[in-house]
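Down below is the structure, laid out as structure tokens.
Derivation of every value follows stated rules applied to the coordinates shown; laboratory data play no part. Nothing here was measured: the structure is a model prediction, and the numbers come from that model. Here Cβ is always computed from backbone atoms with ideal geometry, including for glycine, and neighbour counts include all displayed protein chains.
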Amino acid sequence: MRRMRARRKAAGFRAVTRWEEAATKPAIFSSHRLHEARSLAMHAAIARKVEREPALLEIARRNLHRWRRLDAHQPTPGWRKEWTALLKKPWLEIASLMVEPSERAARLRQSSPFAGLLSTVERKRIYEAFRA
């Protein structure tokens, strides 16, 4: 318990011993926002990596092709159609959507074909940066 209190104190928290009405409404923590921000950071790292080595874009295309074969008897999901169309466009258009903070981009990042482009070390570094 003492270690937990010390960590909280070091993080800037203080013990609450009485009720105080907040002057402003406190920010609401959302783990979903944290996951979105982490996904955005991962896709920014992927975009930098593909920018340096454009041949890596083929991994995303192969992933989509493999998923299409695995679900051959299922209707094609909308996200896969969107990614397939997007990966036929110029790299700058793909990269700008990957790191765009829009709802559409966040939705597409949830089903990203860029799995396997970041090394374990790169992924771990990003996860550590967003650890709550």
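Take Ile46 and tell me if it is assigned to a helix (DSSP H, G or I) and in contact with a Lys or Arg (Cβ under 8 Å, 6 or more places away or on another chain). Taking the combined requirement at face value, the residue does not satisfy it. Residue check: Val50 meets all listed conditions (1) more than 28 Å from Arg7 (Cβ to Cβ); (2) over 14 Å from the mean Cα position of the chain (by Cα); (3) without any contact (Cβ under 8 Å) to a residue 40 or more places away in the chain but one, namely (3).
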